[in-house]
Amino acid sequence: MRVFGRLAAWVALACLVACGGGKEKEIIREVDGLLAEKKYEQALHLLQRELREDPKNEKLLRHFVHLFLRTEQVNFAAEAYRRLLEVNPKDKTLENALHPRNDATERVVAAKALGLIKDPASVPALIRAASDPEKSVRHAAVLALGDIKDPRAVPVLIATLKDNDWFVRAEAAVALGKVGDHHAARELFTLLDDPDRYVRENTMKALQQLATPDNRSAFVDALHRPEPAVRVMAAVALAHTGDITGLPILLDEARNPDSRQRIDALRATIRLRDPAAVETLRELVDDPNASVRILAIIGLGELRDTASADRIKAIAQNSREVSEVRVACLRALDIMTNPPPETAEP
């Protein structure tokens, strides 16, 4: 009887597993059908209901991820994938979604979701995606690599600086700044003459991030490059570390009315707070460009140039002057008379 009882129990368990498996397959088929018909809301409700009953079901969780890839919901796709990784840490659903055979939109969402998760294990797949035929996928992959900040991505990010799409080049520069590999600085200098303004601006920000005392030599060397944009950016980046080596270049650029880096050069000059800049700043107080005048006035305030106080006061009292310039005058005078312990960057 005992043997018969054990045999009956095993048969019952086998039936239970078989029935459960049949139910799961039926649900998966139903979900697949709903996704094929683009009935995403119904598929969502069905998956949510089933996952409440079986929250660690890998197949259902994978479909959950695919649902959010289809519907372009990056945050939800990332969260669903996190749940899946808790059940199976070796799962590659999102990495596999980056394969070129898949829909381009889904590849974009997968790359962005991986960037949110920041799992170093996804770096090889994202590196491959950085060479995807679709520029939107390359862009998303580069963004994700920057968010993960893994040094393994540096070579492909440097290669992507030559991408034929300006948006990809710009984000590659940003990503290199985030990763923080000092060797990338020399490569980034090549983008300072890029025809696209957004690329140039992002490159400048990245170079400032990479400028550190440990990486000083790369920027000092760039002060002697033939390209004016490279020389100025090197001086700006050095100024962000408190290094005055490039100050003469900054002052020349600040006086150049045709320079597109004039404002950056002025801001960097003020950051250094070096008395050698006083004469140039006094000269620029009369510049036709209001933005230049504002920075020059603030700079004189930061340098506590009391010899310019009467002149600045007269500008502040001139009703025909641009209101922003007059406000800058009042701020500069306030700094001169009541110097704060720490002055915010203009």
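The values are calculated or read from the model by the stated rules, or taken from the named source; none is laboratory data. On a predicted model such as this, the values are computed, not experimentally measured, just so you know. Backbone-built Cβ (ideal geometry, glycine too); neighbour counts: all protein chains shown.
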Enumerated helices (runs of 4 or more DSSP H) restricted to region 267-344, each holding at least 1 residues that are within 36 Å of the chain's Cα centre (by Cα), surrounded by 14 or more Cβ atoms within 10 Å (Cβ to Cβ) and modelled with pLDDT of 95 or more
278-284, 290-302, 323-337
Restricting to region 152-193, give me the number of residues that are part of a helix (DSSP H, G or I) and under 20 Å from Ala125 (Cβ atoms).
16
Restricting region 194-244 to residues that are of a type in the set (Asp, Glu) and assigned to a helix (DSSP H, G or I), the one farthest from the chain's Cα centre (by Cα) turns out to be Asp221
Okay, helices (runs of 4 or more DSSP H) sitting entirely in region 39-89 with 2 or more residues that are closer than 15 Å to Asp119 by Cβ and free of Cβ contacts under 8 Å to residues at least 40 places away in the same chain, I get 74-87
What is the number of the single condition among (1) at pLDDT 90 or above; (2) within 22 Å of Val87 (Cα to Cα); (3) β-branched (Val, Ile, Thr) that Thr71 does not meet?
(2)
